[in-house]
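The values are calculated or read from the model by the stated rules, or taken from the named source; none is laboratory data. All figures in this text were calculated on a predicted structure; none of them were measured in a lab. Cβ: placed from backbone, ideal geometry, glycine included. Neighbour counts: every protein chain shown. Please note that ligands, DNA and RNA were not included when accessible areas were found on the heavy atoms of the full protein model with its side chains. Shrake-Rupley method; radii C 1.70, N 1.55, O 1.52, S 1.80 Å.
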Amino acid sequence: MKTMTTFRFIRHLLACGAVLVALLLISPGVGTQSRDIGLLTVWRCVIGLDLPRDQMTGNPLVDHDSDGVISDEEYEHYQALVRTIAFQHRFPRAVLALIVGVTLAMCGVTFQTLFRNPLATPYTLGIASGGSLGALIAIRAGWHDTFAGVPMVTLAAFFGGLGVVGCVYAIARGNRRLTSNEVLLAGVTLGLFSSAMMMMVTAISSERETFRIVRWMMGSLDTISLQKPHTIWPIVVPVWVLLTLMSRSMNQYRLGDDIAAVRGVKPQRLLAASIMICTLATAAVVATCGPIGFVGLVVPHIAAMFVGQDCRLLIPAAGLLGGAFLILCDWASQLIMGMMGSLTGQQLAAATLPIGVITAVVGVPIFVTMLATRRMKT
Amino acid sequence: MSAQSHQFPLVFRDVCYGYDKRRAFLGPVSFELGRGEVLAIVGPNGAGKSTLLRIAVGLLAPDKGEVMMGGMSFAEQSTLVQSRMLAYLPQATPTPVGMSAYEVVLMGRFPYRSWSLFESSIDHEIARTAMETTATMEFADRPIDQLSGGEAQRVHIAAALAQQAEILVLDEPIASLDTRHQIELLQLVTRLARDKGTSVLIVLHDINLTARFADRVLLLDNGQVVALGPSREVATPGVLEPVFGVRLLALSTNPGEKAAWLVPDLDQGELE
């Protein structure tokens, strides 16, 4: 009989984790900067194997004086360059993609379970847009300080997201229809309102700022982003742990508030706590990378196909797959731009396609399909 | 006295529940639910049946009066103790799409959770026994959203069974089932009451099935208890006609039967 046991849990998580680890091992070899520094070169440098010097002649990255001879100095210089690109640019970028993917996917599962709606995510509920608006206001106002270790931009994003989710919740509660599509409608509407407000803020910004803001709003893992990535760890990792620990109670929620309450879950408390911590995690992500949509929508459904609906497995598994998904999307965003550049023979303005474009291209068809099939069922 | 051995697992003492202060919406209601007893709550729509059940399982707190469970006041008991004593099946249960019947039954073990995220082998054993008792084992691996209404309802009963609750509270569990499945479900419930000593508080609409399967009937009208007694005494035209506003015809029965068959007498016209 198919049941959740510790053994099955570990086996599935190991499988998902293996995918993620493999991607992380490949990540130093993939990137826009110096495309000819490939995976083999990177790992050769790392484990101390000699690079084939004779193949390097003519490579302007190595042969600085173009004399056709690779001197020891040039060789060592090249090795240092490879390490820098691999482990100070590409790998951290993959790790950031991982953090963002894990967080958004886990929050997606949580909202889908608690709102009992397969379309509920931090984005469809408007939390991300509200958070982006908060972050944008903080950035425009120049609040770059930290408060109790949390960057002000993240805090502003948190309150922006909380404002929107509070409104959505109030609307839904007023109608006593928390599970219905009205929650989504309220979320999408308030999300659109937040987006409109963001456009207003953008409109009154200078040209230089506008470019940065627009890039950020498209979703970006670039290191030039508005918030430093290292501030995200202390916020999201506890959220991952908490959501996994709450998963058994979340399962009860699938049977409705009443059964859950009689079995000893505090449904309102669980819902409020989950919304708060997911909003916080989303805020941290949004403040760092801008609104990257559809991860929280697509990944949980893909993960559920493999591991089933039990939240205890689904939350960590969706998290791991979300990390892997976003790393892949980031590679696509980098490589597609390079391909387009070489096809057209032009130097394109941006080195990478915004990752939000990729996740939307993957996510929108899935979202629309689900919306359509859902309407047919009900 | 331990909670498990109490003679009346559930006692309502002058329970009132009101939406406004001047007039009670429900009550005062008093009754004692005995061990292994099936007590049916019957009444017109809006009589307060579901409200009464929600008070019984602690989802609503009474404005006046007291609910005692296992000889202790409800308010003084811990949530954990209550969750092990009570199993509740509301009128409409959201279908957890994609979860197997077995997973749903296993979720009934939630009140016995430990620090582990997962159920113990004892939990699995109990869930399997519950499924065998309710004859749901054959579709244990099927997703619950693909089961028929009767099968899904039996799975929910199995989950309640896995909860090993002394008191089973069911809100119109047969409302959407066909006649055969209605009877099968009521047979299952009464068998649990008889064999395991489970006390059952159940809201039903079908007077004739109520009369046959319930030990006692509590008749509610406008939040007031109109009658409380053995099925045979309550399920009579004299008691039910004024409450439902329909003339009833009692068909003659064999002497051994519990109660007369009641059918609406449409030829006599509306009741004054």
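Taking the stretch B:75-95 as the search range and keeping residues that are farther than 20 Å from B:Thr51 by Cβ and among the hydroxyl-bearing types (Ser, Thr, Tyr), which one is nearest to the other protein chains (Cβ to nearest Cβ)? Can you show your working first?
The initial filter retains those residues of the stretch B:75-95 that are farther than 20 Å from B:Thr51 by Cβ, namely B:76-81, B:83-85, B:94-95.
Those left that are additionally among the hydroxyl-bearing types (Ser, Thr, Tyr): B:78-79, B:83, B:95.
Numbers: B:Ser78: 9, B:Thr79: 5, B:Ser83: 4, B:Thr95: 9 Å.
For the stretch B:75-95, the residue satisfying everything is B:Ser83.
Residue by residue, here is whether (1) free of Cβ contacts under 8 Å to residues at least 24 places away in the same chain; (2) under 14 Å from the mean Cα position of the chain (by Cα); (3) in a loop (DSSP other than H, G, I, E, B) holds:
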residue	(1), (2), (3)
A:Arg90	no, no, no
A:Cys107	no, yes, no
A:Arg116	no, no, yes
A:Ile139	no, no, no
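Find the strands (runs of 3 or more DSSP E) located wholly in the stretch B:134-252 whose residues include 1 or more that are β-branched (Val, Ile, Thr) and modelled with pLDDT of 90 or more, and list them. Full working, then the answer.
Values: elements: B:167-171, B:199-203, B:216-221, B:224-230, B:248-251.
Correct list: B:167-171, B:199-203, B:216-221, B:224-230.
Restricting attention to the stretch A:101-125, report how many residues are closer than 12 Å to A:His301 by Cα and among the hydrophobic types (A, V, I, L, M, F, W, C).
5
Here are some residues: B:Glu37, B:Glu76. Which one is surrounded by fewer than 18 Cβ atoms within 10 Å (Cβ to Cβ) and of a type in the set (D, E, K, R)? Before the answer, list the steps.
Details: B:Glu37 fails: surrounded by fewer than 18 Cβ atoms within 10 Å (Cβ to Cβ).
From the options B:Glu37, B:Glu76, the qualifying one is B:Glu76.
Anything in the stretch B:196-214 that is open to solvent by 10 Å² or more (accessible area, probe 1.4 Å) and in contact with a Leu (Cβ under 7 Å, 6 or more places away or on another chain)? List them, or say none.
Initially, the stretch B:196-214 is screened for residues open to solvent by 10 Å² or more (accessible area, probe 1.4 Å), giving B:196-198, B:205-209, B:212-213.
Passing the criteria: B:Thr198, B:Ile207, B:Asn208, B:Leu209, B:Phe213.
Do we find a residue being more than 9 Å from chain A (Cβ to nearest Cβ), farther than 26 Å from B:Gly245 by Cα and not hydroxyl-bearing (Ser, Thr, Tyr) anywhere in the stretch B:39-49? Walk me through it before giving the result.
At the first step, the residues of the stretch B:39-49 found to be more than 9 Å from chain A (Cβ to nearest Cβ) are B:39-49.
Within this subset, residues satisfying the condition of being farther than 26 Å from B:Gly245 by Cα are none.
Among the residues of the stretch B:39-49, not one is more than 9 Å from chain A (Cβ to nearest Cβ), farther than 26 Å from B:Gly245 by Cα and not hydroxyl-bearing (Ser, Thr, Tyr), which makes the answer no.
Looking at A:Gly319, A:Gly338 in this structure, which one is in a helix (DSSP H, G or I) and either modelled with pLDDT of 85 or more or open to solvent by less than 10 Å² (accessible area, probe 1.4 Å) (or both)? Give the derivation first.
Numbers: A:Gly338 fails: either modelled with pLDDT of 85 or more or open to solvent by less than 10 Å² (accessible area, probe 1.4 Å) (or both).
Only one candidate passes the filter, namely A:Gly319.
Please find, within the stretch B:110-133, the residue that is least open to solvent (accessible area, probe 1.4 Å) out of those that are aromatic (Phe, Trp, Tyr) and outside any helix (DSSP H, G or I).
From the stretch B:110-133, those aromatic (Phe, Trp, Tyr) are B:110, B:112, B:115, B:118; that's our starting set.
After this cut, where a residue has to be outside any helix (DSSP H, G or I) as well, the list is B:115, B:118.
Numbers: B:Trp115: 252, B:Phe118: 19 Å².
Only one residue tops the list, namely B:Phe118.
Identify all residues within the stretch A:255-285 that are open to solvent by 30 Å² or more (accessible area, probe 1.4 Å) and of a type outside the set (A, V, I, L, M, F, W, C); write none if there are none.
Passing the criteria: A:Asp257, A:Asp258, A:Lys266, A:Gln268, A:Arg269.
Can you tell me which of (1) buried (at least 16 other Cβ atoms within 10 Å of the Cβ); (2) within 14 Å of chain A (Cβ to nearest Cβ) is the one B:Ala61 doesn't meet?
Condition not satisfied by B:Ala61: (1).
Using the structure shown, decide if B:Gly71 is open to solvent by 30 Å² or more (accessible area, probe 1.4 Å), at the interface with chain A (Cβ under 7 Å from one of its Cβ atoms) and of a type in the set (Gly, Ala, Ser).
Details: open to solvent by 30 Å² or more (accessible area, probe 1.4 Å): yes; at the interface with chain A (Cβ under 7 Å from one of its Cβ atoms): no; of a type in the set (Gly, Ala, Ser): yes.
Taking the combined requirement at face value, the residue does not satisfy it.
Kindly provide the set of residues from the stretch B:35-82 that are more than 24 Å from B:Gly108 (Cα to Cα) and in contact with a Ser or Thr (Cβ under 7 Å, 6 or more places away or on another chain), ordered by number.
Scanning the stretch B:35-82 gives B:Val42, B:Glu66.
Filter the stretch B:96-109 down to residues that are closer than 18 Å to A:Val262 by Cβ and either surrounded by 24 or more Cβ atoms within 10 Å (Cβ to Cβ) or modelled with pLDDT under 90 (or both) and give me whichever is farthest from the other protein chains (Cβ to nearest Cβ).
The first filter runs over the stretch B:96-109 and keeps only residues closer than 18 Å to A:Val262 by Cβ, leaving B:96, B:104-109.
From the residues that got through so far, the ones that are either surrounded by 24 or more Cβ atoms within 10 Å (Cβ to Cβ) or modelled with pLDDT under 90 (or both) too are B:96, B:104-108.
On the way: B:Pro96: 4, B:Val104: 7, B:Val105: 10, B:Leu106: 7, B:Met107: 6, B:Gly108: 8 Å.
That would be B:Val105.
Quick one: which helices (runs of 4 or more DSSP H) lie wholly within the stretch A:205-312 and hold at least 3 residues that are closer than 30 Å to B:Pro94 by Cβ, at pLDDT below 90 and within 14 Å of another protein chain (Cβ to nearest Cβ)? Please lay out each step first, then the result.
Numbers: elements: A:207-217, A:233-245, A:247-253, A:257-262, A:267-289, A:295-307.
Qualifying helices (runs of 4 or more DSSP H): A:267-289, A:295-307.
Looking for whichever is within 13 Å of chain A (Cβ to nearest Cβ) and buried (at least 19 other Cβ atoms within 10 Å of the Cβ) here; the options are B:Ala162, B:Ala193. Which one fits? Give the derivation first.
Working: B:Ala193 fails: within 13 Å of chain A (Cβ to nearest Cβ).
None of the others qualify; the one that does is B:Ala162.
Restricting attention to the stretch B:171-189, which residues are under 13 Å from B:Asp206 (Cβ atoms) and touching a residue at least 40 places away in the same chain (Cβ under 8 Å)? Spell out how you get there, then give the answer.
If we filter the stretch B:171-189 for residues that are under 13 Å from B:Asp206 (Cβ atoms), which is where we start, we get B:172-179, B:181-183, B:185-186.
Correct list: B:Glu172, B:Pro173, B:Ala175.
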